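Colleague: The structure follows.
Just so it is clear, none of the values below were taken in a lab; they were calculated from the coordinates. Predicted model, so just to flag it, every value in this text is computed and none were measured. With ideal geometry, Cβ positions are generated from the backbone for all residues, glycine too; neighbour counts draw on all protein chains shown.
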Amino acid sequence: MHWNIPNLLTWGRIALIPVFVLLFYLPQGWLHPQVINLWATVIFTVAAITDWLDGYLARRLRQQSRFGAFLDPVADKLMVAAALIVLVDLGRAHALAALIIIGREITISALREWMAELGSRGSVAVAFIGKLKTTVQLIAIPVLLYWSPLPHFDTPFWGQAMLWLAALLTIVSMVYYLRRAWPLLREGMA
């Protein structure tokens, strides 16, 4: 395992997950709900920024590693899944939207692993639609975490609308990746 700056940032992102989740399950009255919402939003946003930063630093500092390439998407999926599960539990997100997003992440991760086994991982490399899905998702989740009303911005409505848009983009991106991989999958099953 490589202990470099990008990998440490990724491990830090993973370490934030229990802190983030614990905020919502502290004994009632320990913190005001708006304080919890704010801290959860900050933690998730910091995690999202470190997701971008660790990749940037890995390239810039020439500290790319196979372990980092493996761990980074795992950390992303764990953070997003934890946030979605908490949001569903709090009644801020619909379970179907969360299920679509989490299910797609598992499916495409498995697909990428299988394609790597076939020596064709590049056929399911990250595409624009996947990046767009991630961007919308990483905007929707902090909005839903914050939840408190803002002047001239209906936080619950827009957060849920963006999450449904992310779910739609999730389906579109999954179809895109599956279509790209299908010919190779058929060969691999033969």
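Colleague: Decide, for the stretch 64-115, between rounded, prolate and oblate: order the square roots of the alpha carbon gyration tensor eigenvalues as a ≥ b ≥ c, take rounded if a/c falls under 1.5, and otherwise choose prolate if a/b is larger than b/c, else oblate.
Modeller: Numbers: a/c = 5.36, a/b = 1.86, b/c = 2.87.
Verdict is oblate for the stretch 64-115.
Colleague: I'd like the distance separating the alpha-carbon centroids of the stretch 1-16 and the stretch 68-92, in whole Å.
Modeller: 16 Å
Colleague: Considering the zone a paramagnetic label at Tyr25 would reach in this model (a point 7 Å from Cα along the Cα-to-Cβ line), which residues of the stretch 72-104 have amide N under 11 Å from it?
Modeller: Answer for the stretch 72-104: 86.
Colleague: Can you give the three extents of the C-alpha atoms in the stretch 1-144 along their principal axes, from longest to shortest, in whole Å?
Modeller: Each principal axis gives a Cα extent; for the stretch 1-144 these are 53, 34, 23 Å.
Colleague: Arrange Leu165, Leu99 by Cβ neighbour counts within 10 Å, fewest through most, would you?
Modeller: Values: Leu165 17, Leu99 13.
With the sparsest Cβ surroundings first, the list reads Leu99, Leu165.
Colleague: Nearest 10 degrees, 0 to 90: what angle lies between the long axis of helix 95-117 and the longest principal axis of the chain (Cα atoms)?
Modeller: 30 degrees
Colleague: Using a simple spin-label model with points 7 Å from Cα along the Cα→Cβ vector, what separation in nm is obtained for Ala110 and Ile171?
Modeller: The answer from the label model is 2.0 nm.
Colleague: Angle, helix 66-89 long axis vs. longest principal axis of the chain, Cα atoms, 0 to 90°, nearest 10?
Modeller: The two axes meet at around 40 degrees.
Colleague: Once you charge only the Cβ atoms, +1 for Lys and Arg and -1 for Asp and Glu, what is the size of the charge dipole of the chain about its Cα centre, to the nearest 20 debye? Please list the in-between numbers first.
Modeller: On the way: 15 positive and 10 negative charges, 108 e Å.
With only Lys, Arg, Asp and Glu charged at Cβ, the dipole is about 520 debye.
Colleague: Taking all pairs of distinct Cα atoms, average 1/r, flip it, and tell me the Kirkwood hydrodynamic radius of the stretch 77-148 in Å to one decimal place.
Modeller: Numbers: mean 1/r = 0.0749 Å⁻¹.
One over the average 1/r among Cα pairs gives 13.3 Å for the stretch 77-148.
Colleague: Residues of the stretch 70-89 with amide nitrogen under 18 Å from the 7 Å Cα-to-Cβ point of Trp39?
Modeller: 83, 86-87, by backbone N distance to the label point.
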